[in-house]
1. Can you tell me which residue is nearest to ligand 2 (Cβ to nearest atom) among those in the stretch 162-172 that are closer than 17 Å to residue 217 by Cβ and outside any loop (DSSP other than H, G, I, E, B)?
2. For the stretch 124-139, state whether one or more residues are surrounded by 19 or more Cβ atoms within 10 Å (Cβ to Cβ) and acidic (Asp, Glu).
3. I'm checking my understanding of the structure. Among residues of the stretch 69-98 that are of a type outside the set (S, T, N, Q) and assigned to a strand (DSSP E or B), which one is farthest from ligand 2 (Cβ to nearest atom)?
4. May I ask you to say which residue of 101, 66 is touching a residue at least 24 places away in the same chain (Cβ under 8 Å), under 18 Å from the mean Cα position of the chain (by Cα), crowded, with 20+ Cβ neighbours inside 10 Å and assigned to a helix (DSSP H, G or I)?
5. What number of residues in the stretch 35-53 are touching a residue at least 60 places away in the same chain (Cβ under 8 Å) and either more than 8 Å from ligand 1 (Cβ to nearest atom) or of a type in the set (D, E, K, R) (or both)?
6. Look through 211, 144 and report the one residue that is touching an Asp or Glu at 6+ places or on another chain (Cβ under 9 Å), on the phi < 0 side of the Ramachandran plot and in a strand (DSSP E or B).
7. Could we say that residue 72 is among the β-branched types (Val, Ile, Thr) and either more than 14 Å from ligand 1 (Cβ to nearest atom) or under 17 Å from residue 155 (Cα atoms) (or both) here?
8. How many of the residues in the stretch 147-161 are more than 27 Å from residue 36 (Cβ to Cβ) and either in contact with a Phe, Trp or Tyr (Cβ under 6 Å, 6 or more places away or on another chain) or part of a helix (DSSP H, G or I) (or both)?
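The values are calculated or read from the model by the stated rules, or taken from the named source; none is laboratory data. Bear in mind the structure is a predicted one, so any value in this text is a computation, not a measurement. Here the Cβ positions follow ideal geometry from the backbone for every residue, glycine too, while neighbour counts run over all protein chains shown.
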Amino acid sequence: MSEDIWHAVDDFLDSLHPADRVLGEIRAGIRAGDLPDISVSFEQGRLLTVLAKAVTARTILEIGTLGGYSAVCLARALPSDGRLISLEIDASRGRFAERNLTTAGLSELVTVVVGPALETLPGIETQHPGGFDLIFIDADKETYPDYWRWSLRLAHPGTLIVADNVVRNGAVVNLDDHDPMVEGVREYLKLATTEPTVLTSVMQTVGAKGYDGLSVSIVVR
Ligand code: SAH
Ligand code: DHB
Ligand code: MG
């Protein structure tokens, strides 16, 4: 089994869905703009939409916007009075994402907040005292443990906390691997699996994005 078959199966699955011009153009724009091609895959984006619908999310927080690909997937699940706040450190990426969200017809539902997430989160907490129904963590991996703690602060029973890239091509099991990104996700998994107020499932994933993993936690009390 090689990566080729993972890609082929993702291509096959994508071909089963109706063509999605909005998402196709965002990915093409990311590639054309020399931005890193690290948005979630099409199927992972569908999963985000399904998860947000499953918890009837009205308020969503995303940490790590890039071009707005996953933001579109999340915002599509929102009702017309819903809100997605997406945090992005890079101002030009933030503007690019805003343009893509406008093209997608979702700009009314989404606010991109530019700045290092740890600096913008305190203001987000003040502005959203009710917290969020779904939180998607997909920014700098070394800071995942802090994003986990922030997520618990901004959650309520029923909130779904989803984190991308928690397996890192299997590096997470190699305790000799002290790459700060790997240590960040390893610590995140420890926190998410031992926190008594949540139920967590960690899934290994293969596909167009290679070999990685997705952590899904639901706050139960
Ligand atoms: N969720 C996006 C991909 C995000 S890639 C999607 O799937 O479509 C990760 C993003 O996090 C990058 O754009 C990067 O600039 C941003 N980022 C990195 N460190 C950050 C920080 N400290 N605060 C906010 N955003 C950060
Ligand atoms: C990286 C970040 C991501 O969010 C991702 O999905 C893949 C890779 C990275 O920084 O290496
Ligand atoms: Mg990611």
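1. Quick first cut of the stretch 162-172, residues closer than 17 Å to residue 217 by Cβ only: 162-167, 172.
Adding the requirement that they be outside any loop (DSSP other than H, G, I, E, B) leaves 162-164, 172.
Working: 162: 12, 163: 10, 164: 5, 172: 13 Å.
The qualifying residue nearest to ligand 2 (Cβ to nearest atom) is 164.
2. Looking for residues that are surrounded by 19 or more Cβ atoms within 10 Å (Cβ to Cβ) and acidic (Asp, Glu), one finds at least one in the stretch 124-139, hence yes.
3. We begin by selecting, within the stretch 69-98, every residue of a type outside the set (S, T, N, Q); these are 69, 71-79, 81-85, 87-91, 93-98.
Narrowing further to those that are assigned to a strand (DSSP E or B): 83-85, 87-88.
On the way: 83: 23, 84: 17, 85: 18, 87: 13, 88: 12 Å.
Checking each candidate, the answer is 83.
4. On the way: 66 fails: assigned to a helix (DSSP H, G or I).
Criteria check complete, one pass: 101.
5. Qualifying residue count for the region: 7.
6. When all the criteria are applied, what remains is 211.
7. On the way: among the β-branched types (Val, Ile, Thr): yes; either more than 14 Å from ligand 1 (Cβ to nearest atom) or under 17 Å from residue 155 (Cα atoms) (or both): no.
Against the criterion (among the β-branched types (Val, Ile, Thr) and either more than 14 Å from ligand 1 (Cβ to nearest atom) or under 17 Å from residue 155 (Cα atoms) (or both)), residue 72 does not qualify.
8. Looking only at the stretch 147-161, we keep the residues that are more than 27 Å from residue 36 (Cβ to Cβ), and these are 152-153, 155-159.
Of the ones still in play, those that are also either in contact with a Phe, Trp or Tyr (Cβ under 6 Å, 6 or more places away or on another chain) or part of a helix (DSSP H, G or I) (or both) are 152-153.
The qualifying residues number 2.
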